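Enquirer: Let me give you the structure first, and then I'll get to my questions.
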Amino acid sequence: MKKIYILSSLFFVLIFCNCTDKNNTDKYQNKGNNIINVKDKVQEIQIDDVLIGSTARLFLIDNYLIIGDYQTDDMQVHLFDRRNYKYISSAIQKGQGPGEVTNMGHIGINENNKEFYVSDHGKLKIFSYPLDSILHNAYYQPEVKKEINNIQFPSDYEFINDTLCYARIIEPTGNAGYNEFAAKWNMQTREVSKMKYTHPKVEKSRISLAVSMDNETLVECYHNLDLMTIMDLDGNLKYNVYGQNWNNRDANQLYHFGKAFFRGDKIIASYSGGDMRSEDRFPDKFFIFDLNGDYIKTLKIGYRISDFCYDEENDRIIMNFDDIIQFAYLELNGLMN
């Protein structure tokens, strides 16, 4: 009887611990009421030397800001001084000829080698551009870094080295459908290793990723669901952060999280909550969380954010807007206390 009692006690202890661990991974961010309006602190970046379309993406490498122009029929990449945003040069002609890029996708940054990689979804190749070469020759003939395919390919990725990238992988699910998932991607071998955790209630994913090697943390933000998942670098679950629209039956008609980044031990993620079918889909604020997924504050930008990148060196968020101004930055120093 004593042995049975001990075994029974151990059984209930294990059940209790498992339940507690499960509950500890769920965070509910229902209030978000610590709101700071920072619209008057947003500083416009005046760009007069080159015309850039409304669909643009922002990247940083070395001393330069790269703006990728996804609507142009001319040069697709524009380089600026990241300190003062002075225009420097443009490069990479749009087209099907040698040295041209047909359908530009993600721009991957290899900071250590001072080179960047441009995905061409028309030619199904990733081209390599040494920074010095592209600065001196707008028509530089790039080398092919890697072939890609249209069955399973990285749409966006964080380059760590040639054998490790953290990527958003696109995978077709039928004649017209597709799904997205987070994975480790080996650029040399093209091996894809899906993150270990997948939310059991998520059937269709539209996501963005942020990675911090220093914090050994990966963040997966959902556009189509009010959910942010925090994992370790192998994809083991740390926390699920649920927003107030998580159980909303119309949640899939709303645009929730945009992109995210790490500022030290803080996670900063853009957020909308607006109708996905209108201009309200653009995020206009940033939620700030700690590494445990606990909400800290909201920075209300007041403009519709199309894209952004974080300049750690100058502690700024550089933004592209779909609004009355096109480019701007926000100094974070003094807003994070």
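Enquirer: Please go through (1) part of a loop (DSSP other than H, G, I, E, B); (2) free of Cβ contacts under 8 Å to residues at least 60 places away in the same chain; (3) surrounded by fewer than 22 Cβ atoms within 10 Å (Cβ to Cβ) for residue 215 and return the number of the only condition it doesn't satisfy.
Expert: (2) is the only condition that residue 215 fails.
Enquirer: Considering only segment 289-337, state which residues are assigned to a loop (DSSP other than H, G, I, E, B) and closer than 28 Å to residue 275 by Cβ.
Expert: Scanning segment 289-337 gives 293, 301, 302, 303, 304, 322, 323, 324, 325, 326.
Enquirer: Related question: Which numbered condition in (1) surrounded by fewer than 17 Cβ atoms within 10 Å (Cβ to Cβ); (2) farther than 24 Å from residue 185 by Cα; (3) in contact with a Phe, Trp or Tyr (Cβ under 8 Å, 6 or more places away or on another chain) is the only one that residue 279 fails?
Expert: With (1) surrounded by fewer than 17 Cβ atoms within 10 Å (Cβ to Cβ); (2) farther than 24 Å from residue 185 by Cα; (3) in contact with a Phe, Trp or Tyr (Cβ under 8 Å, 6 or more places away or on another chain) applied to residue 279, the lone miss is (3).
Enquirer: Something else now. Which residue, of 160, 169, is outside any loop (DSSP other than H, G, I, E, B), buried (at least 20 other Cβ atoms within 10 Å of the Cβ), in contact (Cβ under 8 Å) with a residue 12 or more places away in the chain and not small (Gly, Ala, Ser)?
Expert: That would be 169, the only listed residue that is outside any loop (DSSP other than H, G, I, E, B), buried (at least 20 other Cβ atoms within 10 Å of the Cβ), in contact (Cβ under 8 Å) with a residue 12 or more places away in the chain and not small (Gly, Ala, Ser).
Enquirer: Looking at segment 57-79, which of its residues are buried (at least 19 other Cβ atoms within 10 Å of the Cβ) and either small (Gly, Ala, Ser) or free of Cβ contacts under 8 Å to residues at least 24 places away in the same chain (or both)?
Expert: Answer for segment 57-79, where residues must be buried (at least 19 other Cβ atoms within 10 Å of the Cβ) and either small (Gly, Ala, Ser) or free of Cβ contacts under 8 Å to residues at least 24 places away in the same chain (or both): 68, 69, 72.
Enquirer: From 326, 253, which residue is modelled with pLDDT under 95 and among the polar types (S, T, N, Q)? Step through it out loud before you land on a result.
Expert: Details: 326 fails: modelled with pLDDT under 95.
Sole residue among the options that is modelled with pLDDT under 95 and among the polar types (S, T, N, Q): 253.
Enquirer: For segment 305-324, name all the residues that are among the β-branched types (Val, Ile, Thr) and either at positive phi or loosely packed, with under 14 Cβ neighbours inside 10 Å (or both).
Expert: Residue satisfying the conditions is 324 alone.
Enquirer: Step by step: first the residues of segment 237-288, then only those that are under 19 Å from the mean Cα position of the chain (by Cα) and assigned to a loop (DSSP other than H, G, I, E, B), then the one that is farthest from residue 201 (Cα to Cα). Which residue is that?
Expert: Looking at residues that are under 19 Å from the mean Cα position of the chain (by Cα) and assigned to a loop (DSSP other than H, G, I, E, B), I get 264.
Enquirer: Determine which single condition residue 205 fails, assuming it passes every other condition in (1) in contact with a Ser or Thr (Cβ under 6 Å, 6 or more places away or on another chain); (2) crowded, with 18+ Cβ neighbours inside 10 Å; (3) in a loop (DSSP other than H, G, I, E, B).
Expert: (1) is the only condition that residue 205 fails.
Enquirer: Is it the case, given these coordinates, that residue 114 is at positive phi and at pLDDT 95 or above? Steps first, please.
Expert: Working: at positive phi: yes; at pLDDT 95 or above: yes.
Answer is yes for this residue.
Enquirer: Same structure again: Identify the residue in segment 50-88 that is polar (S, T, N, Q) and within 17 Å of residue 315 (Cβ to Cβ) and, among all such residues, is nearest to the chain's Cα centre (by Cα).
Expert: The selected residue is 63.
Enquirer: Of the conditions (1) part of a strand (DSSP E or B); (2) modelled with pLDDT under 95, residue 15 clears all except one; give me its number.
Expert: Failing condition for residue 15: (1).
The values are calculated or read from the model by the stated rules, or taken from the named source; none is laboratory data. From a predicted model like this one, the values you see are computed outputs, not experimental measurements. Cβ coordinates were reconstructed from backbone atoms using ideal geometry, including for glycine residues, and neighbour counts include every protein chain displayed.
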